[in-house]
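See below for the structure under consideration.
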Amino acid sequence: MAYGEQIRNSIIKNAQSFSSKANVGKIEVKNDKTYQQTDKTKSKTKSTDSTTPVESNVQQVALSNTYYYHFQKGVPQSVKNVFYSAIKTYNDTGIVKLVAGKASQMQNEITLGTYNQDTTSVQGNTINMELGKGGPEIFQSTLGDWNHGTARLNVHYSEGISVSVATHELGHALGLGHSSDIQSVMYPTDQGVTQLTESDIATLKAIYNN
């Protein structure tokens with residue numbers, strides 16, 4: 001997720017700057033193109049399409065709705081707190097169930113963490129900053145499908161440590177793609193939105209067959 005401001009003055013001064021796969025049957029890994037890539041904004045005209053898309057690698061797979069989540073080592077409490085709020089938002093839908101703990105083989109899991117990277121860029125009068133990264137990694141075998149997703153906040157910017165960014169990146173990890181609806185938590189530029197729209201919820205239901 002990116003952060004845009006309409007002020008060109010020097011707001012940002014310092015502008016320089018999975019592990020083991022289950023060994024069961026034949027396993028195919030489906031990586032989405034947006035996974036681990038810059039989740040940034042591009043200026044575009046407002047769209048009337050309010051549909052929240054499904055990440056491409058989550059389409060055509062059958063996933064359990066239960067996830068086990070854990071934090072990377074050294075994650076500060078402030079980051080944990082915003083992720084806890086995001087987790088509650090998704091659990092409150094009743095569509096998915098996010099539980100603290102480590103997944104065993106062939107179970108869904110989400111790794112929550114941080115990174116520190118200066119991604120400031122200026123386009124015209126807009127300053128763009130990448131505030132987070134998130135995405136699913138899908139494994140398929142003859143015995144079933146599972147997801148090892150990640151959601152990380154960019155602690156280089158204080159704006160990255162927010163419930164809205166955590167909810168956005170966690171949505172990516174669960175399979176939600178970028179929405180063109182400015183009211184959606186999945187809109188690519190942070191608007192401070194923390195609640196899911198009806199379209200966000202409908203897409204979750206579609207992914208998890210609810």
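The values are calculated or read from the model by the stated rules, or taken from the named source; none is laboratory data. Just so it is clear, the model here is predicted, and its values are computed rather than measured. All Cβ positions, even for glycine, are placed from backbone atoms using ideal geometry, and neighbour counts span all protein chains on display. Surface accessibility is based on the protein's heavy atoms, side chains included, excluding ligands, DNA and RNA. Shrake-Rupley method; radii C 1.70, N 1.55, O 1.52, S 1.80 Å.
A few comments on the model shown:
- Sole exception among (1) of a type outside the set (S, T, N, Q); (2) modelled with pLDDT of 95 or more; (3) buried (at least 20 other Cβ atoms within 10 Å of the Cβ); (4) over 28 Å from GLN59 (Cβ atoms) for ASP118, by number: (3)
- Test: residue in the stretch 129-143 that is assigned to a helix (DSSP H, G or I), open to solvent by 10 Å² or more (accessible area, probe 1.4 Å) and of a type outside the set (Gly, Ala, Ser): no
- Every residue from the stretch 101-124 that is closer than 15 Å to ALA173 by Cβ, assigned to a strand (DSSP E or B) and among the small types (Gly, Ala, Ser): GLY113
- Cβ-Cβ contacts under 7 Å between residues 6 or more apart (or on different chains), taken from a first residue in the stretch 167-180 that is over 13 Å from ILE138 (Cβ atoms) and open to solvent by 10 Å² or more (accessible area, probe 1.4 Å) to a second residue that is modelled with pLDDT of 95 or more and aliphatic (A, V, I, L, M), are listed as HIS178/MET186.
- Single residue of the stretch 185-200 satisfying the filter (of a type in the set (Ser, Thr, Tyr) and farther than 14 Å from THR89 by Cα) that is most open to solvent (accessible area, probe 1.4 Å): TYR187
- Number of residues in the stretch 67-115 that are of a type in the set (Ser, Thr, Tyr), at pLDDT 95 or above and within 27 Å of THR142 (Cβ to Cβ): the value is 4.
- Taken over the stretch 106-126, the criterion of being touching a Lys or Arg at 6+ places or on another chain (Cβ under 9 Å) and not charged (D, E, K, R) is satisfied by THR111, LEU112, GLY113, THR114, TYR115, THR119, SER121, VAL122, GLN123, GLY124, ASN125, THR126.
- Members of the stretch 49-82 found to be among the charged types (D, E, K, R) and in contact with an Asp or Glu (Cβ under 6 Å, 6 or more places away or on another chain), listed by number: GLU55
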